[in-house]
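The structure appears below as structure tokens.
Where a number appears in this text, it was derived from the coordinates with a stated rule and is not lab data. None of these values were measured; they are calculated from a predicted model. Here Cβ is always computed from backbone atoms with ideal geometry, including for glycine, and neighbour counts include all displayed protein chains.
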Amino acid sequence: MPDNQSLDTCSINQAEQASAQCVSSNEAHVAIGLVNPKTPVNVGGIMRASGCYGVNQVFYTGRRYDLAVKAEAQYEVDKKQAARTIPLQGVESLLDQVPANSKIICVDLVVGAIPLPQFTHPESAFYIFGPEDGSIPQQIIDAADDVVYVPTKGCMNLAASVNVLLYDRLAKSTEHQTDDQLIMKSRDNNNRTRVKHWLKKPV
């Protein structure tokens with residue numbers, strides 16, 4: 001894994017730059033807020049998903065993640081090193097970090113929440129997720145523009161929940177690429193398989 005101290009410094013600087021850019025930009029902006037995440041494996045998985053789905057920033061509160069990273073070597077999940085290009089910043093309050101023109105969307109199993117399949121994502125959103133072993137605080141729920149939940153039987157892993165939310169946003173958008181160039185660019189270097197009826201030669 002990269003040196004944590006240098007990565008944290010880099011992430012904070014990048015986060016400040018991204019925040020400044022967001023204030024002056026009218027483009028869609030997607031940020032993620034994590035309430036006191038517990039494991040580096042989950043945060044690593046979230047960073048990888050953020051790189052795949054075009055997230056601009058990731059914020060987190062609490063000290064558990066920082067302590068866990070320093071305690072011992074962790075299994076590397078963020079193989080694409082998204083944390084080098086997407087700001088990951090520890091903050092005191094997620095509500096103080098809401099990007100300009102963004103709606104606050106809480107994602108948790110909360111009574112009265114909207115099922116994710118029925119939800120229409122805003123153009124710019126700050127998605128907030130609760131910890132692995134708890135819920136989003138009521139104060140944040142009360143400040144949200146919408147609260148959604150994934151209608152599963154039982155609760156999912158934190159990183160899995162972020163992946164499902166971001167995929168749902170992508171699936172409902174009209175901006176995703178639909179040709180083979182994206183597949184060739186995104187797949188593993190060792191992957192040269194193709195659908196049987198595809199007659200073009202791989203690039």
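Odds and ends about this structure:
- When each of 38/103; 70/103; 70/153; 172/196 is checked by Cα-Cα distance, pairs over 31 Å: 70/103; 70/153
- What the Cβ-Cβ distance of residue 103 and residue 67 gives, at R0 = 30 Å and to the nearest 0.05, is a FRET efficiency of 0.40.
- Cα gyration tensor shape for the stretch 89-143, rounded if a/c is under 1.5, else prolate or oblate: oblate
- Using a Förster distance of 30 Å, the FRET efficiency for residue 135-residue 167 (Cβ separation, nearest 0.05): 0.85
- Residue 91 paired with residue 143, simple spin-label distance in nm, labels 7 Å along Cα-to-beta-carbon: 0.8
- Placing dummy labels 7 Å off each Cα toward the beta-carbon, the span from residue 152 to residue 36 is 2.2 nm.
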